[in-house]
Amino acid sequence: MQASRMPNIFYGNITFKISAETFSGEGERIEFSDFQKYDIISFLQSIENSSTPKTFVIEGTDSESILDYFSKKLIYIEAAGGLVQNPAGEILFIYRHGKWDLPKGKPEKGESLEVTAIREVEEETGVSDLQIISKLPSTWHIYKIKNQNFALKRSYWFQMTAKKWKEISIQTEEDITDAEWIKMPVPSLILDNAFLSIRELVNYFQVHHY
């Protein structure tokens, strides 16, 4: 797994900053060698109901080894999705589980990540005639699944443009209740109520592509 910059893993209000070097920002620092001594499931259970944002900085010799450790200890899942813009440069957001999100989903058998990303955008929003412009950084987040297990999802993201964008048809069976085109810079009203991984991706995009 490649990490071109210091990645973050999000779990609710919790941020795990993965650092191959000494990190100078705020956060509770844990050496990777010490973190490996924990029961990671018990650790996640102990912080899962935290209503206050908190940051843990996992410091080790290389970020790839730390990401591999999380991937092996949790149920690893991949998904792909799109940060889609219309001709006006607005970004397509969906509203799911009470948060603003971007369309994404799991690959079907034999699909490339690019095909998955396009298919999921079309299925979840009805927006079509999509073209991939560039690959964006992955995001990582943890969520709880059945039987007290936890999954680590890596979402691959692609910048896209849409030619057929005026008609939106949301996929309600995927718990999507709304979809809107949002102009840039994306208002804090949207980002403050977005999943942390989505907030990170959109902020990155606005710095590097806007």
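Give me the extension gain from Ile182 to Ser169: residue separation times 0.36 nm, minus the current Cα-Cα distance, reported in nm with one decimal. Walk me through the intermediate numbers first.
On the way: separation 13, 0.36 × 13 = 4.68 nm, distance 1.63 nm.
Value of the extension gain: 3.1 nm.
At 4 °C and 1.567 mPa s, what whole-number value in µm²/s does Stokes-Einstein give for the translational diffusion of segment 93-140, with Rh from the Kirkwood sum over Cα pairs?
Values: Rh = 11.8 Å.
Result for D is 109 µm²/s.
Sort segment 34-115 into rounded, prolate or oblate with this rule: let a ≥ b ≥ c be the square roots of the eigenvalues of the Cα gyration tensor; rounded if a/c is under 1.5, and if a/c is not under 1.5, prolate when a/b is larger than b/c, oblate otherwise.
In terms of gyration-tensor shape, prolate.
Go through segment 154-210 and name the GluC sites (Glu not before Pro) that are in a DSSP coil and have 15 or fewer other Cβ atoms within 10 Å of their Cβ. All intermediate terms of the calculation are to be shown ahead of the outcome.
Details: sites: Glu167, Glu173, Glu174, Glu180, Glu200; in loops: Glu167.
Hits after loop and neighbour filter: Glu167.
With the cut-off at 1.5 for a/c, could you classify segment 89-210 from its C-alpha gyration tensor as rounded, prolate or oblate? Don't jump to the answer; show the numbers that get you there.
Numbers: a/c = 1.32, a/b = 1.16, b/c = 1.14.
Rounded, since a/c falls under 1.5.
Using DSSP to call loops (not H, G, I, E or B), can you name the GluC sites (Glu not before Pro) in segment 110-154 whose Cβ has at most 16 other Cβ atoms within 10 angstrom?
Within segment 110-154, the qualifying GluC sites (Glu not before Pro) (loop, at most 16 other Cβ atoms within 10 Å) are Glu111.
Could you tell me the convex hull volume per residue, in Å³, taken over the Cα atoms of segment 8-73?
Taking the convex hull of the Cα positions in segment 8-73, it is 78 Å³ per residue.
Order these by the 10 Å Cβ neighbour count, fewest first: Thr116, Thr61.
Least to most surrounded, the residues fall as Thr61, Thr116.
Tally the DSSP beta bridges in the chain and give the antiparallel ones as a percent, rounded to 5.
Details: 29 of 53 bridges.
Percentage antiparallel, nearest 5: 55.
How do Val207, Val127, Val186 line up, fewest other C-beta atoms within 10 Å first?
Val207, Val186, Val127
At a Förster radius of 22 Å, what calculated FRET efficiency corresponds to the Cβ-Cβ distance of Glu31 and Ile145, to the nearest 0.05?
Given R0 = 22 Å and the Cβ-Cβ separation, E is 0.15.
Could you tell me the extents of the chain's C-alpha atoms along the three principal axes, largest first, rounded to whole Å?
Answer, in whole Å and largest first: 52, 37, 34 Å.
For segment 141-210, would you read off the P(r) tail past 21 Å as a percentage of all alpha carbon pairs?
So the pairs more than 21 Å apart make up 44 percent of the total in segment 141-210.
Restrict the search to segment 103-210; then list the trypsin sites (Lys or Arg not before Pro) that DSSP places in a loop and that have at most 13 other Cβ atoms within 10 Å of their Cβ.
Values: sites: Lys104, Lys109, Arg119, Lys135, Lys144, Lys146, Lys153, Arg154, Lys163, Lys164, Lys166, Lys183, Arg199; in loops: Lys109, Lys166, Lys183.
The qualifying sites are Lys109, Lys166, Lys183.
Membrane-span-like helices in the chain: DSSP H runs reaching 15 Å or more (Cα, own axis), mean Kyte hydropathy at least -0.5?
Those that clear 15 Å and a mean of -0.5 are 113-125, 196-209.
Taking the Cβ of each residue in Thr139, Thr52 as the centre, tally the other Cβ atoms inside 10 Å and list the residues starting with the fewest. Provide the component values of the computation, followed by the final result.
On the way: Thr139 26, Thr52 6.
So the residues, fewest neighbours to most, are Thr52, Thr139.
Evaluate the relative contact order of segment 8-73 (contact order divided by residue number), counting alpha-carbon pairs under 8 angstrom at least 6 apart; express in whole percent.
Taking the mean separation of contacting Cα pairs over the length of segment 8-73, I get 49 percent.
No value in this document is a laboratory result; all are computed from the given coordinates. Please read these numbers as outputs of a predicted model, since none were measured by experiment. Methodologically, a virtual Cβ is constructed for each residue, glycine included, from the backbone with ideal geometry; neighbour enumeration extends over all protein chains shown.
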